[in-house]
Amino acid sequence: MAATVDKSENRIRQMFGEISSRYDLMNHLLSGGVDYYWRWFTIRRCQIRNQAPILDVCTGTGDLAIAFWKHSQQQIPVIGTDFTHEMLAIARKKTRKNTHQSAGSNSSPITFIEADTQALPFEANQFQLVSVAFGLRNVTRMALGLEEMTRVCQPGGQVAILEFSLPGNPIIRSVYCWYFRNILPRIGQLLARNRQAAYDYLPSSVAEFPYGEALAEHMRSAGLINVKFWPLTLGIATLYIGQKPDGGHRAE
């Protein structure tokens with residue numbers, strides 16, 4: 001079925017720019033705070049193997065990038081990329097406030113760069129881990145985004161995707177979809193007014209996006225092996241982790 005949601009770069013960039021000032025509040029409110037657990041689960045499932053940097057694409061306001069930086073005890077450089085300027089401005093402000101990063105610190109840096117996931121400005125094989133949280137769904141050409149994430153990942157490194165999905169239980173899925181389509185957009189528009197109907201876009205984009213084994217197969221098509229996934233909170237979100245082959249690892 002052809003996609004019906006407008007995911008053009010200009011529309012996505014404008015939409016997230018408009019809601020940037022309320023983005024964190026809305027995430028915590030509409031998820032009931034469970035988004036903290038999802039990030040906690042993600043960083044503990046991922047493997048930090050060496051001192052090579054970590055990349056978080058579609059980083060938004062930087063929550064997952066900052067979580068990885070703290071988890072590494074501030075010893076591994078972390079880069080967050082996003083193509084929405086307003087989001088990155090909040091990420092940089094949050095980093096200065098929450099991590100107390102300063103020019104005189106001995107810790108490794110956390111850096112935010114304005115960049116499109118479909119054309120990452122990095123050479124191949126740079127990052128031990130490449131992650132994305134609730135952002136791959138918004139990439140206009142998802143397959144290209146996955147290919148870019150795989151390209152810049154080191155051989156033997158991991159690509160991690162945390163994304164919304166639909167509950168497996170039919171009854172729970174029905175109730176969840178009703179809330180998603182009828183209640184969430186009204187709350188979202190009330191608290192974060194925007195011209196792009198961002199909280200109507202959210203349920204529509206989730207409904208169209210592949211999840212479970214379907215997304216795992218897209219990851220394999222991008223060149224990843226040993227892809228595993230874990231449904232979280234009754235399947236409302238799912239964490240996927242794949243590995244970039246290095247010649248010494250065999251597909252399981």
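Table for the structure above
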| quantity | calculated |
| --- | --- |
| Subset of segment 142-157 (residues that are out of contact with any helix residue (DSSP H, G or I) (no Cβ under 9 Å at 6 or more places or on another chain) and crowded, with 19+ Cβ neighbours inside 10 Å) | VAL152, CYS153, GLN154, GLY157 |
| Yes/no for PHE122 being in contact (Cβ under 8 Å) with a residue 60 or more places away in the chain, part of a helix (DSSP H, G or I), on the phi < 0 side of the Ramachandran plot and aromatic (Phe, Trp, Tyr) | no |
| Matching residues, segment 11-68, being under 20 Å from VAL139 (Cβ atoms), in contact with a Phe, Trp or Tyr (Cβ under 8 Å, 6 or more places away or on another chain) and among the small types (Gly, Ala, Ser) | GLY60, GLY62, ALA65 |
| Test result for PHE112, in a strand (DSSP E or B) and touching a Leu at 6+ places or on another chain (Cβ under 7 Å) | yes |
| Some residue of segment 106-113 being modelled with pLDDT of 95 or more and crowded, with 18+ Cβ neighbours inside 10 Å | yes |
| Residue within segment 129-137 that is more than 14 Å from the chain's Cα centre (by Cα) and surrounded by fewer than 23 Cβ atoms within 10 Å (Cβ to Cβ) present | no |
| Single unsatisfied condition, SER8 versus (1) more than 15 Å from the chain's Cα centre (by Cα); (2) open to solvent by less than 40 Å² (accessible area, probe 1.4 Å); (3) within 23 Å of LEU144 (Cα to Cα) | (2) |
| Residues of segment 149-185 that turn out to be out of contact with any strand residue (DSSP E or B) (no Cβ under 7 Å at 6 or more places or on another chain), closer than 18 Å to ALA115 by Cα and touching a residue at least 40 places away in the same chain (Cβ under 8 Å), as a count | 0 |
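Condition check ((1) within 18 Å of the chain's Cα centre (by Cα); (2) among the small types (Gly, Ala, Ser); (3) at pLDDT 90 or above) across all residues:
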{"residue": "GLN154", "(1), (2), (3)": "no, no, yes"}
{"residue": "ILE161", "(1), (2), (3)": "yes, no, yes"}
{"residue": "PHE164", "(1), (2), (3)": "yes, no, yes"}
{"residue": "ARG186", "(1), (2), (3)": "no, no, no"}
{"residue": "LEU190", "(1), (2), (3)": "no, no, no"}
{"residue": "ARG195", "(1), (2), (3)": "no, no, no"}
{"residue": "GLY212", "(1), (2), (3)": "yes, yes, yes"}
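The rows are residues; the columns are (1) in contact with a His (Cβ under 9 Å, 6 or more places away or on another chain); (2) farther than 14 Å from MET87 by Cα; (3) modelled with pLDDT of 85 or more.
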| position | (1), (2), (3) |
| --- | --- |
| LEU30 | no, yes, no |
| ASP35 | yes, yes, yes |
| ARG45 | no, yes, yes |
| ARG49 | no, yes, yes |
| PRO53 | no, yes, yes |
| ASP56 | no, no, yes |
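The values are calculated or read from the model by the stated rules, or taken from the named source; none is laboratory data. All figures in this text were calculated on a predicted structure; none of them were measured in a lab. Backbone-built Cβ (ideal geometry, glycine too); neighbour counts: all protein chains shown. The protein model used for the area step is the full one, side chains on, heavy atoms only, and it has no ligands, DNA or RNA in it. Shrake-Rupley method; radii C 1.70, N 1.55, O 1.52, S 1.80 Å.
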